[in-house]
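K.L.:
Just passing along the structure, written as structure tokens.
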Amino acid sequence: MNYISIAIDGPSGAGKSTISKEVAKKMGYLYVDTGAIYRTVGVFVRTHGVDPRDAENVAALLPQIKIEMRHVDGMQRMYLNGTDVTETIREHEISRYASDVSAIPAVRAFLLEMQRKFAQTNHVIMDGRDIGTVVLPNATVKIFLTATAEDRAQRRYLELCAKGSDITYEQVLEDMKRRDENDSARAIAPLKAADDAVLLDTTGFELEQSISAITELIEKRVSDETV
Ligand code: DC
């Protein structure tokens with residue numbers, strides 16, 4: 001069977017996960033959040049007191065890491081060596097750990113097959129940074145979502161406030177810019193749009209507008225593909 005795969009890439013806070021989740025529900029596809037996998041590695045590295053930029057020591061930890069992704073009622077849950085870390089990976093500090101470990105080639109190689117396997121056995125919407133360029137270069141549809149750093153920081157700030165965080169908007173914006181720089185400037189699989197990706201700037205968009213625009217685009221491409 002030929003499986004449909006939708007690649008959604010873009011910087012942090014562009015709305016990738018919220019939009020992908022909704023579109024997956026509408027289309028009946030499996031949503032795979034690949035950032036969660038890098039975050040899970042980040043949790044392990046933090047637990048072991050290793051500097052996430054220390055490529056050699058991070059690589060040495062990899063054989064001890066077993067990551068599982070399970071989908072429960074359409075929700076993705078992450079397990080690290082059998083422990084559910086779904087909530088821990090969302091801690092603010094883990095964003096930095098994930099961004100740092102994701103620049104290490106050994107980490108990317110370690111996680112690549114796991115991501116590809118999902119797309120070989122399911123219709124998927126996968127979101128990340130390098131899905132259209134590296135993980136699924138033959139994806140049925142590739143979308144690159146962007147928005148200004150200020151717009152993205154504002155959304156992330158509201159999300160964190162809703163969770164009870166006392167972080168300031170300025171801190172979120174600064175972290176966002178640091179991560180953008182980190183994710184775009186790294187030598188391996190940097191954040192960039194695939195040549196054949198559709199670019200969508202969601203600055204100022206209401207969530208529903210982005211969801212409809214993307215669903216429409218996907219439905220059209222998928223039906224073109226299957227006629
Ligand atoms: O999407 P996110 O913010 O949860 O991702 C956390 C970090 O993981 C992000 O800073 C970059 C990295 N990442 C990556 O390098 N490649 C992916 N496919 C997904 C995430």
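K.L.:
Are any of the residues in segment 68-78 in contact with a helix residue (DSSP H, G or I) (Cβ under 6 Å, 6 or more places away or on another chain) and β-branched (Val, Ile, Thr)? Give the steps one after another, and end with the answer.
P.N.:
Within segment 68-78, the first condition is being in contact with a helix residue (DSSP H, G or I) (Cβ under 6 Å, 6 or more places away or on another chain), and the residues that meet it are 78.
Those left that are additionally β-branched (Val, Ile, Thr): none.
Checked segment 68-78: no residue is in contact with a helix residue (DSSP H, G or I) (Cβ under 6 Å, 6 or more places away or on another chain) and β-branched (Val, Ile, Thr).
K.L.:
May I ask you to verify whether Ala14 is in contact with a strand residue (DSSP E or B) (Cβ under 8 Å, 6 or more places away or on another chain) and surrounded by 22 or more Cβ atoms within 10 Å (Cβ to Cβ)?
P.N.:
Values: in contact with a strand residue (DSSP E or B) (Cβ under 8 Å, 6 or more places away or on another chain): yes; surrounded by 22 or more Cβ atoms within 10 Å (Cβ to Cβ): yes.
The answer is yes for Ala14.
K.L.:
Within segment 1-75, considering only helices (runs of 4 or more DSSP H) that don't extend past its boundaries, which have at least 2 residues that are over 25 Å from Thr215 (Cβ atoms), within 16 Å of the ligand (Cβ to nearest atom) and not hydrophobic (A, V, I, L, M, F, W, C)?
P.N.:
Numbers: elements: 16-27, 35-47, 55-61.
Of the helices (runs of 4 or more DSSP H) lying wholly inside segment 1-75, those with at least 2 residues that are over 25 Å from Thr215 (Cβ atoms), within 16 Å of the ligand (Cβ to nearest atom) and not hydrophobic (A, V, I, L, M, F, W, C) span 35-47.
K.L.:
If we scan segment 116-134, do we find a residue that is in a helix (DSSP H, G or I), charged (D, E, K, R), touching a residue at least 24 places away in the same chain (Cβ under 8 Å) and surrounded by fewer than 21 Cβ atoms within 10 Å (Cβ to Cβ)?
P.N.:
Within segment 116-134, the first condition is being in a helix (DSSP H, G or I), and the residues that meet it are 116-121, 131-134.
Within this subset, residues satisfying the condition of being charged (D, E, K, R) are 116-117.
Next, from what is left, pick out any that are touching a residue at least 24 places away in the same chain (Cβ under 8 Å): none.
Looking through segment 116-134, none of the residues is in a helix (DSSP H, G or I), charged (D, E, K, R), touching a residue at least 24 places away in the same chain (Cβ under 8 Å) and surrounded by fewer than 21 Cβ atoms within 10 Å (Cβ to Cβ).
K.L.:
Within segment 183-205, can one find any residue that is in contact with a helix residue (DSSP H, G or I) (Cβ under 9 Å, 6 or more places away or on another chain), in a helix (DSSP H, G or I) and more than 17 Å from Val134 (Cβ to Cβ)?
P.N.:
So far as segment 183-205 goes, no, none of its residues is in contact with a helix residue (DSSP H, G or I) (Cβ under 9 Å, 6 or more places away or on another chain), in a helix (DSSP H, G or I) and more than 17 Å from Val134 (Cβ to Cβ).
K.L.:
Are there any pairs, at least 6 apart or on different chains, whose C-beta atoms fall under 6 Å, with the first in segment 142-159 and farther than 19 Å from Asp9 by Cα and the second surrounded by fewer than 18 Cβ atoms within 10 Å (Cβ to Cβ), and if so, which?
P.N.:
Between residues of segment 142-159 that are farther than 19 Å from Asp9 by Cα and residues that are surrounded by fewer than 18 Cβ atoms within 10 Å (Cβ to Cβ), the close pairs are Tyr157/Tyr169.
K.L.:
Tell me the residue from Asp183, Asp196 that is more than 16 Å from the ligand (Cβ to nearest atom), touching a residue at least 60 places away in the same chain (Cβ under 8 Å) and over 14 Å from Gly15 (Cα atoms), please. Let's see the steps before the verdict.
P.N.:
Numbers: Asp183 fails: more than 16 Å from the ligand (Cβ to nearest atom).
From the options Asp183, Asp196, the qualifying one is Asp196.
Values in this text are rule-based calculations from the coordinates and carry no lab data. Keep in mind the model is a prediction, meaning the values are calculated, not measured. Please note: Cβ atoms are built from the backbone with ideal geometry, for glycine as well, and neighbour counts cover all protein chains shown.
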